[in-house]
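A.B. asks: Can you read through this structure? Questions will come right after.
The values are calculated or read from the model by the stated rules, or taken from the named source; none is laboratory data. Keep in mind that what you see is a predicted model, and the values were worked out from it rather than measured. As a convention, Cβ positions derive from the backbone with ideal geometry for all residues, glycine included, and neighbour counts pool all protein chains shown. Only protein heavy atoms, including side chains, enter the accessible area calculation; ligands, DNA and RNA are left aside. Shrake-Rupley method; radii C 1.70, N 1.55, O 1.52, S 1.80 Å.
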Amino acid sequence: MTKTCSPHRLIISGLVLSYISLTVFLAITNDINAYKWKLNDDNNYWIVNGSILRQTSPKYRYNHRLPLISDGIARKNPLQLLLLSSSDSRKQRSTKKVKILIISRRNKLNSFAKGIATAIEANKLDYSITVGDNLPQYLLNRRHFKLIIFDSLKYYVNLSQRNKLAVTTYCKEQKRVGILVFANNESVHHTNIPILSSNQFLPDVASVRIKSPNPILRLTRDGGNVTHNLPNRPWTVFNNYTHMQPILYINSKNGQQYVGGLLDDGKDDNIKRVFFGNCIDFWLIRLLFLDAIAYLSNGVFQRQLSRWLQVDVDDVFVGKKGIRMTDEDVNAMLKGQEMIRKNVDNFKFMLGFSGHYFMKGLPTENRGDIALISNASKFWWFCHMWKHTKPHLFQTTELLIADMERSRNFATRSNLPIVPGYSVSPHHSGIYPAYEPLYNAWKRVWNITVTTTEEYHHLNPAHKRKGFIHKNIQVLPRQTCGLFTKTLHFKTYPGGIKRLNQSIFGGELFRTLTDNIICIFMTHMPNYANDRMAIYTFVHAIDFLKRWTNIKLSSAPPSELGQSYFRLYPDEKDPLWLNPCTDKRHKAIWPFVQGCKQLPSMIIVGPQKTGTTALSLYLSLHPKFKPNKASKRTFEEVQFFNDNNYRKGLKWYMEFFPPIESSLVEQSIRYFEKSATYYDRALIPKRMNALLPDVDVIIILSDPVKRAYSWYQHMKNHSHPAALNYSFYDVITNKKQDRLIKQLQDRCIRPGKYVIHLERWLDYYHPSHVIIVDGKQLIDDPIQVMADLQIKLKVNDILDYSMKLQFDQRKGYYCVKRERGRNKCLGRSKGRKYPPMDKDSEMYLRNFYRPYNIKLKEVLESRSLAIPTWLKEQT
Ligand SMILES: Nc1ncnc2c1ncn2[C@@H]1O[C@H](COP(=O)(O)OS(=O)(=O)O)[C@@H](OP(=O)(O)O)[C@H]1O
C-alpha cells in the first residue's frame, strides 16, 4: 500500500487562507464549516459542531459481544434490489454493442478528441472515432452508433453537403440518434445552419451557471454560480439562435450574460442536438456531457444515479512513531464518519489491520490504537498480513498461511467485527499478477471472496482499471483519491492544497465519483492522523458531489459490491494475463520474473486437422527452435489460452518453458508451441495478444472440405457415438437438435469458416506477425514450406530440410530421415487411411464454404498474406 509523494514545502498561511476562503465561498454545509481541520502541527485540536472535543483516553476494553457484520446489513442495503430491478443496469448490459461515434476535425489522436474518448471510456461505454473525410462511406453498414459527437463546431457547421446529408440521414434512419457538438476555441460567424451563429467571447468570465430546469438535467444539479476552476480557453457564445434553448449561461466580468450551451430538442427535423461553447476539460461541461449523452441517445447511454462508496483505511497500526493516530484522531475520524453518513447511507470506514504493529507507537499513539479497538464496532474491519509482508515474498504457502492465521488470532482476541470475505494485499502483491498461493491461502484461512487492486490491467491510466474473477475471488478495481501513505500535511501536499482542492471540487476525485458506479478508495492510517487530510477530502468531495449532482451515495459490504459489479460488467469476469515483465510495478510484485522473459515467440494456432502436428515436428528439427516441455497433464498440446488452463494462471503456462541453459540463450533459441484449437476460439487472439503481443502466429489453411472430413474420421476413430451411428453426409446436413450430432457437426464445419476466425486474429495481430502456411503444400512439398517459413520467421541460419525429410512410401507422407533404419513418421492418428468422401457430401460442403473462401481470399489479398494454391484454384 505504500506509495510515496514527495511533498513541497509551501507557505502555510497563504494556503490556509485560500482554502478557508474557498470552503466558505463554496457555502458548504454547516457541518463542514464547523469541523476544524488540523492545519499545521501546532494547531492539533479539533472543533466539531462548534465545540472543542478532547476526549479522555477511553479504557482499553474487549467487547466479546461484537458481532461480525451480518447479512442483515446486506439485506437492508438497497444495492441488490436496485441492481436487479434497475432499468439502468439493463441499459448497461444492452449498451455492449452500441457505440458513440466521435467525428474529429483534425486527427483521431488530438488531445481534445482523446479527452472526449476518455470520458466515454471512464463511464464504461464504447466509442469509435473517425476523421470524417468520407462520412457516407464510413456510416454505411455501421448501424450501431446511437450518438454522434463532433469535436469541432466549426467543422460541424461547415460540413460538405454530402457529409451533412450522410449524418442527418443516419440520425433519422437509425431512429433518434442525436448530435453533440463542442466548440473548441472557435467562432462561427457565417454558418450554413440558419438557426445558429456564434461569435468569439474572450476570457473575461466571472461565472458560469446552468439554466435550470432544462430538459437534459438528470445527473447534474444546479449548484449555483461557478466561479472556480473555470476553463482557460475562451468561450464560444451563441448569440443568434432560434428554435433552441439555452442550457448554460456565462456571466462576464462587466455584468453581461451570454449563452454558452444550447439545446435543440429536434422539433424541426427530429434530430436532437446539444452545443457546448467550451471543452470537456471544464468540469461542469464534463458533468453536463454525461447528461447530454443520455438525453441525445434517448436513454441508451444513461447511467444509474446510485453510486456505492467504500473507503478502506489500510494499515491502521502500521506506521512510524510520530505519524500515527492518537485517540483524538480516532474521535475526529468518528466525527468525520458521522458527517459522511449524513450523505452516504450505511457508510463506515473499512479498517485494515496488521496486528504485529499494535501498540508500537508513542504513548499517545498507543492510546490511539486502544481507541480504535474500543470503537471497533463503529467501523468495518478487514484482515491484512500480520506484519504487512508482501505475500509473494513468503518462501512457502505454509508460511503464508501461518502469517494469516496469526492475523486471524489477533482479530479473534480483539473481537474485531471482520467484514466477511474481504481482504487486500500489501502493495497489491499477489493479486495481479496473480500469485496462486495467495489465492489459496486466502480461501483457506479467511474464505476471501472479494479483494481490490489498482494494478489491473495497469495502474495508469486510472480510468481504464477493471475487475476480474480468479479462483472464485472477485477482484474489484480500486480508485485513487489523491492521498498516499506519506501525504500527511496540507502544506506539503504535492502541488499544494490548490491541487487537492482542484481534485475535490470538480477535478479528478469528483470525476471518479461521478464515473464509477462502485467507487472503492484506498487510504492509509496517517491520512487520518497528522492533518487528517482524508476526512477533509471525503467530507468535501461528498458534499460537493451532493451539491452538483443528483447522485445517491450508499455503502454496502464488499461481497455485495462484488456481486453487483460483475452483474453490471459481466464481460470483465474473465481475467486477462499480461506479461508481468513488461510493467515495472508488476515485475516488482511477481516472484517468477525469470519465467516471464522465457515465453514462446511463435505459436502454431491450428486449425485442427490441417497438419499442425507435422509442422510442429518439422520446426523442432531446427537447432534454433525448441518446443514447449512435454507434459503428461496436457498430452500433446499445452492449450493454455483455452478456458480451463487459462484459469490456472500464468505460472502454470510458464512451466512449459523452463529456463534455457545460458549457452543456448546466447544462440537465441526460440521457444514455440502448437495448440490446434486456438484458431477458432473467440477469446484466444485477445488473450494471446495480451501476453504475447510480438509472437508470430502460424496458421495452416487446408481445403476446409477435407479438413471437415478428417475431423469426422478422427472422431469415428475415437468412437464418438454420432460418428459411429451417422454417415458424414447425415452429420454435416443434419438439422435436428440432437446434441451429439450438433456437437460433431459444429466441430466438423465451424473451424473451416476460416475467414471469420482470421479476421479476429487480424484484429489483434499485425499481418507482419501472421504467417499463413498452405496445408496442401505442407503435405506435398514440406521442404519448400519450411524454406519459406524460415524466411518469414527471419531465421539467420536457414536449415535445408531436404537433409531432414523424405517421402515415406509406406506412410504416404513425408517423414524424418534417420541415419539408420526406418524414417520417423507421425503416429497412426495422423495420416489415417479412410475411404474417400462421398460426392454428395463434397458437393454440399463445396457450396457451403464457397462464400467464406471468396471472402478469405479477399482478406488475405488485402493484407498481403500468402494465398494457398488450393484457395486460388477454388475461387
Ligand atoms: N507428414 C505428415 N504425416 C501425417 N499427416 C500429415 C503429414 N503432413 C500433413 N498431414 C496431415 O495432418 C493431418 C492431421 O492434422 P493435425 O496434425 O493438425 O491434427 S490434430 O488437429 O492435431 O489432431 C492429417 O490428417 P488425416 O489424413 O485425416 O489423418 C494429414 O492429412
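A.B. asks: Inside the stretch 358-409, can you point out the residues that are part of a loop (DSSP other than H, G, I, E, B) and either more than 23 Å from residue 311 (Cα to Cα) or out of contact with any helix residue (DSSP H, G or I) (no Cβ under 7 Å at 6 or more places or on another chain) (or both)?
C.D. replies: Step one: of the stretch 358-409, the residues part of a loop (DSSP other than H, G, I, E, B) are 358-362, 375, 379, 384-390, 394-396.
Result: 359, 360, 361, 362, 379, 394, 395, 396.
A.B. asks: What are the residue pairs meeting all of these: first residue in the stretch 154-181, first residue open to solvent by less than 50 Å² (accessible area, probe 1.4 Å), second residue of a type in the set (Ser, Thr, Tyr) and modelled with pLDDT under 90, Cβ atoms under 8 Å, and 6 or more apart or on different chains?
C.D. replies: Qualifying pairs under 8 Å: 157/191.
A.B. asks: Could you tell me how many of the residues in the stretch 665-692 are touching a residue at least 12 places away in the same chain (Cβ under 8 Å), of a type outside the set (Phe, Trp, Tyr) and in a helix (DSSP H, G or I)?
C.D. replies: Of the residues in that region, 10 qualify.
A.B. asks: Need pairs with beta-carbon distance below 7 Å; first residue in a helix (DSSP H, G or I) and within the stretch 410-433, second hydroxyl-bearing (Ser, Thr, Tyr); sequence gap 6+ or separate chains.
C.D. replies: As it stands, the answer is 426/389; 427/2; 428/453, since those pairs meet every condition given.
A.B. asks: Can you tell me which residues in the stretch 228-280 are surrounded by 20 or more Cβ atoms within 10 Å (Cβ to Cβ) and touching a residue at least 60 places away in the same chain (Cβ under 8 Å)?
C.D. replies: Correct list: 236, 262, 264, 272, 273, 274, 275, 276, 277, 278, 279, 280.
A.B. asks: Which condition number in (1) among the polar types (S, T, N, Q); (2) open to solvent by 20 Å² or more (accessible area, probe 1.4 Å); (3) within 21 Å of residue 347 (Cβ to Cβ) is the one that residue 479 fails?
C.D. replies: Every listed condition holds for residue 479 apart from (2).
Residues checked against (1) open to solvent by less than 60 Å² (accessible area, probe 1.4 Å); (2) over 30 Å from residue 723 (Cβ atoms); (3) away from the ligand (no atom under 16 Å from the Cβ):
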residue	(1), (2), (3)
753	yes, no, yes
765	yes, yes, yes
768	no, yes, yes
772	yes, no, no
775	yes, no, no
779	no, no, no
785	yes, yes, no
789	yes, yes, no
796	no, yes, yes
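A.B. asks: Next question. Within the set of pairs 6 or more residues apart or between chains, which connect a residue that is farther than 17 Å from residue 775 by Cα inside the stretch 793-814 to a residue that is within 13 Å of the ligand (Cβ to nearest atom) and part of a loop (DSSP other than H, G, I, E, B) with Cβ atoms less than 7 Å apart?
C.D. replies: 804/621; 804/817; 806/817; 806/823; 808/823; 808/825; 811/825; 811/831
A.B. asks: Among the listed residues 616, 631, 564, identify the single one that is touching a Ser or Thr at 6+ places or on another chain (Cβ under 9 Å) and open to solvent by less than 30 Å² (accessible area, probe 1.4 Å).
C.D. replies: Numbers: 616 fails: touching a Ser or Thr at 6+ places or on another chain (Cβ under 9 Å); 631 fails: touching a Ser or Thr at 6+ places or on another chain (Cβ under 9 Å).
The unique qualifying residue is 564.
A.B. asks: What is the number of the single condition among (1) within 16 Å of the ligand (Cβ to nearest atom); (2) open to solvent by 20 Å² or more (accessible area, probe 1.4 Å); (3) touching a residue at least 24 places away in the same chain (Cβ under 8 Å) that residue 576 does not meet?
C.D. replies: (1)
A.B. asks: Go through the stretch 697-740 and tell me which helices (runs of 4 or more DSSP H), entirely inside it, have 2 or more residues that are within 16 Å of the ligand (Cβ to nearest atom).
C.D. replies: Values: elements: 704-717, 721-725, 728-733.
Per the criteria, 704-717, 728-733.
A.B. asks: Another question about this same structure. Among the residues of the stretch 826-852, how many are open to solvent by 70 Å² or more (accessible area, probe 1.4 Å) and within 10 Å of the ligand (Cβ to nearest atom)?
C.D. replies: Total meeting the criteria: 3.
A.B. asks: May I ask you to list pairs of residues, at least six apart or on different chains, whose Cβ atoms are under 7 Å apart, with the first in the stretch 616-629 being more than 16 Å from residue 697 (Cα to Cα) and the second being within 16 Å of the ligand (Cβ to nearest atom) and charged (D, E, K, R)?
C.D. replies: 621/804
Conditions (1) at pLDDT 95 or above; (2) crowded, with 19+ Cβ neighbours inside 10 Å, marked per residue:
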position	(1), (2)
365	yes, yes
384	no, yes
390	yes, no
395	no, no
404	yes, yes
410	yes, no
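A.B. asks: A further question follows. List, please: which pairs have Cβ atoms under 6 Å, are six or more places apart or on different chains, and start with a residue in the stretch 117-143 that is under 20 Å from residue 163 (Cα atoms) and end with one that is of a type in the set (Phe, Trp, Tyr) and crowded, with 19+ Cβ neighbours inside 10 Å?
C.D. replies: Hits for this filter: 139/170.
A.B. asks: Within the stretch 581-605, which residues are outside any loop (DSSP other than H, G, I, E, B) and open to solvent by 10 Å² or more (accessible area, probe 1.4 Å)? Lay out the reasoning, then the answer.
C.D. replies: Step one: of the stretch 581-605, the residues outside any loop (DSSP other than H, G, I, E, B) are 581-582, 584-588, 593-596, 602-605.
Scanning the stretch 581-605 gives 581, 582, 584, 585, 587, 588, 593, 594, 595.
A.B. asks: Right, here's the next one. Residue 803 fails exactly one of the following numbered conditions: (1) within 16 Å of the ligand (Cβ to nearest atom); (2) open to solvent by 50 Å² or more (accessible area, probe 1.4 Å). What is the number of that condition?
C.D. replies: (1)
A.B. asks: Any idea which residue in the stretch 606-636 is nearest to the ligand (Cβ to nearest atom), counting only those that are modelled with pLDDT under 95, under 15 Å from residue 673 (Cβ atoms) and outside any strand (DSSP E or B)?
C.D. replies: Taking the candidates together, the pick is 636.
A.B. asks: Within the stretch 809-825, is there a residue that is away from the ligand (no atom under 16 Å from the Cβ), part of a helix (DSSP H, G or I) and open to solvent by 50 Å² or more (accessible area, probe 1.4 Å)?
C.D. replies: The first filter runs over the stretch 809-825 and keeps only residues away from the ligand (no atom under 16 Å from the Cβ), leaving 819-821.
Then drop every residue that is not part of a helix (DSSP H, G or I), which leaves none.
No, the conditions are met nowhere in the stretch 809-825.
A.B. asks: Here is a list: 849, 834, 754, 765. Which entry is at pLDDT 95 or above and more than 44 Å from the chain's Cα centre (by Cα)? Working first, answer last.
C.D. replies: Numbers: 849 fails: more than 44 Å from the chain's Cα centre (by Cα); 754 fails: more than 44 Å from the chain's Cα centre (by Cα); 765 fails: more than 44 Å from the chain's Cα centre (by Cα).
Testing whether each residue is at pLDDT 95 or above and more than 44 Å from the chain's Cα centre (by Cα) leaves just 834.
A.B. asks: Could you tell me which residue of the stretch 673-723 is surrounded by the most Cβ atoms within 10 Å (Cβ to Cβ), considering only residues that are basic (Lys, Arg) and farther than 15 Å from residue 746 by Cβ? Before you say what the answer is, go through the steps one by one.
C.D. replies: So in the stretch 673-723, the residues basic (Lys, Arg) come out as 674, 681, 686-687, 706-707, 716.
Then drop every residue that is not farther than 15 Å from residue 746 by Cβ, which leaves 674, 686-687, 706, 716.
Values: 674: 26, 686: 14, 687: 21, 706: 18, 716: 18.
My answer is 674.
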